[in-house]
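The values are calculated or read from the model by the stated rules, or taken from the named source; none is laboratory data. Please read all numbers here as calculations on a predicted model, not as lab measurements. So basically every Cβ, Gly included, is an ideal-geometry build from the backbone, and we count neighbours across all protein chains shown.
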Amino acid sequence: MKELTISTTFKIYEQLSELPSAVFSLMESAVSARNNAYSPYSKFNVGAALLLDNGKVVIGSNQENAAYPSGLCAERVAIFQAGALYPQAKIKTMAITATSQNHKVIDPIPPCGACRQSIAEYETRQSDEIEIYFMGEEGAIMKSDSLSDLLPLMFKKSHL
Ligand code: THU
């Protein structure tokens, strides 16, 4: 028996002003995307913004449904839109922010498991890492340099 230890490192920015300016702007796009969330059930509004290598910014917000599983998270709305609009472009950076109509969200909100798997597909497809910055509505911003830091041992097409 052997043991495998996997460690990941995240960067923590205490406030928005510490972010590189392009990321600060991208987070502003995520905040504005958050305002278009359709979240009558969870009252939890998530915004995501992607910066592509062609300079385009693509946004997404969570879109809920009375049949709960039919709704979709902000991150997947954004990456699927990027894939549909700019299939040749690479996603460089993702910014995520969330707020709640019930309480103040001060913890950085990472992408859920299903979104991590979906983002992993795009990272594999483009053979380039996607940096991910995530925050609540205020407080610290966390950054992972790559989706693989959020999803070690990811399942991908090479396993098929
Ligand atoms: N949600 C996202 O948009 N992204 C995540 O990574 C986590 C959860 C949404 C889905 C649902 O509309 C609401 O937040 C509560 O789960």
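Go through Val23, Val31 for me and flag whichever is surrounded by 15 or more Cβ atoms within 10 Å (Cβ to Cβ), touching a residue at least 60 places away in the same chain (Cβ under 8 Å) and away from the ligand (no atom under 15 Å from the Cβ).
Exactly one of Val23, Val31 is surrounded by 15 or more Cβ atoms within 10 Å (Cβ to Cβ), touching a residue at least 60 places away in the same chain (Cβ under 8 Å) and away from the ligand (no atom under 15 Å from the Cβ), namely Val23.
Looking at Ser118, is it within 11 Å of the ligand (Cβ to nearest atom) and under 17 Å from Ser144 (Cα atoms)?
yes
State whether one or more residues within the stretch 74-90 are hydroxyl-bearing (Ser, Thr, Tyr) and either touching a residue at least 12 places away in the same chain (Cβ under 8 Å) or touching a Ser or Thr at 6+ places or on another chain (Cβ under 8 Å) (or both).
yes
On the basis of being touching a Leu at 6+ places or on another chain (Cβ under 9 Å) and crowded, with 18+ Cβ neighbours inside 10 Å, does Ile79 make the cut?
yes
Of the residues that sit in the stretch 53-66 and are farther than 14 Å from Val23 by Cβ and touching a helix residue (DSSP H, G or I) at 6+ places or on another chain (Cβ under 7 Å), which one is farthest from the ligand (Cβ to nearest atom)?
The extreme case among them is Val58.
Do you know which of the residues in the stretch 85-110 that are surrounded by fewer than 16 Cβ atoms within 10 Å (Cβ to Cβ) and within 17 Å of the chain's Cα centre (by Cα) is farthest from the ligand (Cβ to nearest atom)?
Among them, the one singled out is Ile106.
Of (1) within 19 Å of Met142 (Cβ to Cβ); (2) without any contact (Cβ under 8 Å) to a residue 24 or more places away in the chain, Pro69 satisfies all except one. Which?
The failed condition is (1).
How many residues are out of contact with any Cys (no Cβ under 9 Å at 6 or more places or on another chain) and either within 11 Å of the ligand (Cβ to nearest atom) or at pLDDT below 95 (or both) when one looks only at the stretch 75-84?
Qualifying residue count for the region: 2.
Considering only the stretch 114-160, state which residues are touching a Lys or Arg at 6+ places or on another chain (Cβ under 7 Å), more than 20 Å from Ser7 (Cβ to Cβ) and not β-branched (Val, Ile, Thr).
The answer is Cys115, Ser118, Gln126, Asp128, Tyr133, Glu137.
Which residues, taken from the stretch 119-144, are at negative phi and free of Cβ contacts under 8 Å to residues at least 24 places away in the same chain?
Arg125, Glu129
Taking Phe44 as the residue in question, decide whether it is within 25 Å of Leu151 (Cα to Cα), surrounded by fewer than 16 Cβ atoms within 10 Å (Cβ to Cβ), within 14 Å of the ligand (Cβ to nearest atom) and among the hydrophobic types (A, V, I, L, M, F, W, C).
no
Quick check on the stretch 145-158. Is at least one of its residues within 23 Å of Gln15 (Cβ to Cβ) and either crowded, with 16+ Cβ neighbours inside 10 Å or among the aliphatic types (A, V, I, L, M) (or both)?
yes
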